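Written out below as structure tokens is the structure these notes cover.
The values are calculated or read from the model by the stated rules, or taken from the named source; none is laboratory data. Predicted model only: the values in this text are computed from it and were never measured. Cβ coordinates were reconstructed from backbone atoms using ideal geometry, including for glycine residues, and neighbour counts include every protein chain displayed. Accessible surface is based on the protein model in full, side chains and every heavy atom, while ligands, DNA and RNA are left aside. Shrake-Rupley method; radii C 1.70, N 1.55, O 1.52, S 1.80 Å.
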Amino acid sequence: MPRSITSAEFVISAVWPRDFPVDGRPEIALVGRSNVGKSTLINALVRKDVARTSATPGKTRQANIYRVTPAGTPASFYLVDLPGYGHAGGGDKARQEFSAITAHYFTSRTDRSTGASVPAAPSLSSLSAVVLAIDARHPGMASDADACRWLHTLGLPFLLVATKVDKLSQSEKSKLTQACLRAFGESPLTVSAVTGEGLDELWRRMREWATVR
Ligand SMILES: Nc1nc2c(ncn2[C@@H]2O[C@H](COP(=O)(O)OP(=O)(O)OP(=O)(O)O)[C@@H](O)[C@H]2O)c(=O)[nH]1
Ligand SMILES: [Mg+2]
């Protein structure tokens, strides 16, 4: 199904697990450092400006949830734009830097406790996959590597995505895969909201996760 005939709409800015959708639709969470381009990536994927973006880090401060409906199918899924880490500073580990909202989100969507104290959460676990976005220009950041390790403990389908690849020279691009293999143990899907590189492949993966659960 091509991306061009997808509909997408904003559902809710959620803070507490009780505000997260509980209708059982599959969810795909997008995680990454502040300013890495998560919200921009969502807009590029659905070809509509549903998510607010900013050149200033820390724009997304709540879990913003979008319902994506591929045309011609009754099935829709949620894309969850989580607040970025690394903006407020503080701890040296990405997990500590995850905002409380992100921690609440993962606590309510998995059996894993993040150590956060949260109000009663819906028991439904509908998280299908997690996308970790890293900046293609800075592939080895410790906070990203920590986030990657922690997200893998969730035991869910996982994809490493390197954003803003349009900003790389050809030689930088060819070094990116090796740098990611060293830092994360896997090579990234390279994407650009500017040129559209990688978006069809990311879209294909999302469709797969949303249908095979
Ligand atoms: N050149 C280029 N710039 C991009 C790309 N994606 C995002 N940007 C820019 O990066 C900045 C941050 O983008 P956002 O999408 O707001 O980043 P975010 O990860 O949602 O940030 P937070 O909400 O703070 O967590 C904006 O100025 C975007 O225009 C890309 O693929 N290429
Ligand atoms: Mg954002």
For residues that are open to solvent by 10 Å² or more (accessible area, probe 1.4 Å) and at pLDDT 80 or above, scanning just segment 64-74, find the one that is nearest to ligand 1 (Cβ to nearest atom).
Asn64
Identify, please: which residue in segment 162-181 is at negative phi and not in a helix (DSSP H, G or I) and is, among those, most open to solvent (accessible area, probe 1.4 Å)?
Ser169
All positions within segment 38-57 that are more than 6 Å from ligand 1 (Cβ to nearest atom) and open to solvent by 50 Å² or more (accessible area, probe 1.4 Å)
Arg47, Lys48, Asp49, Arg52, Thr56
Identify all residues within segment 182-198 that are open to solvent by less than 60 Å² (accessible area, probe 1.4 Å), of a type in the set (A, V, I, L, M, F, W, C) and within 16 Å of ligand 1 (Cβ to nearest atom); write none if there are none.
Leu189, Val191, Ala193
Members of segment 21-53 that are β-branched (Val, Ile, Thr) and either in contact with a strand residue (DSSP E or B) (Cβ under 7 Å, 6 or more places away or on another chain) or over 16 Å from Tyr105 (Cβ atoms) (or both):
Ile28, Val31, Val36, Thr40, Ile42, Val46, Val50, Thr53
Looking for something of a type outside the set (Lys, Arg) and either on the phi > 0 side of the Ramachandran plot or touching a Phe, Trp or Tyr at 6+ places or on another chain (Cβ under 6 Å) (or both) - is there at least one such residue anywhere in segment 197-213?
yes
Failed item, numbered, when Ile28 is tested on (1) modelled with pLDDT under 90; (2) buried (at least 17 other Cβ atoms within 10 Å of the Cβ); (3) away from ligand 2 (no atom under 13 Å from the Cβ):
(1)
So Glu172 ticks every box in (1) over 18 Å from Ala29 (Cβ atoms); (2) touching a residue at least 60 places away in the same chain (Cβ under 8 Å) but one. Which box is left unticked?
(2)
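Rundown of residues vs (1) away from ligand 2 (no atom under 13 Å from the Cβ); (2) at pLDDT 90 or above; (3) open to solvent by 50 Å² or more (accessible area, probe 1.4 Å), yes/no style:
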{"position": "Arg3", "(1), (2), (3)": "yes, no, no"}
{"position": "Gly24", "(1), (2), (3)": "yes, no, no"}
{"position": "Gln62", "(1), (2), (3)": "no, no, yes"}
{"position": "Arg95", "(1), (2), (3)": "yes, no, yes"}
{"position": "Arg109", "(1), (2), (3)": "yes, no, no"}
{"position": "Pro119", "(1), (2), (3)": "yes, no, no"}
Examine segment 153-161 for a residue that is at pLDDT below 80, farther than 19 Å from Ser192 by Cα, β-branched (Val, Ile, Thr) and not in a helix (DSSP H, G or I), and state whether such a residue exists.
no
Kindly indicate whether any position in segment 170-190 is within 16 Å of ligand 2 (Cβ to nearest atom) and either at pLDDT 95 or above or touching a His at 6+ places or on another chain (Cβ under 9 Å) (or both).
no
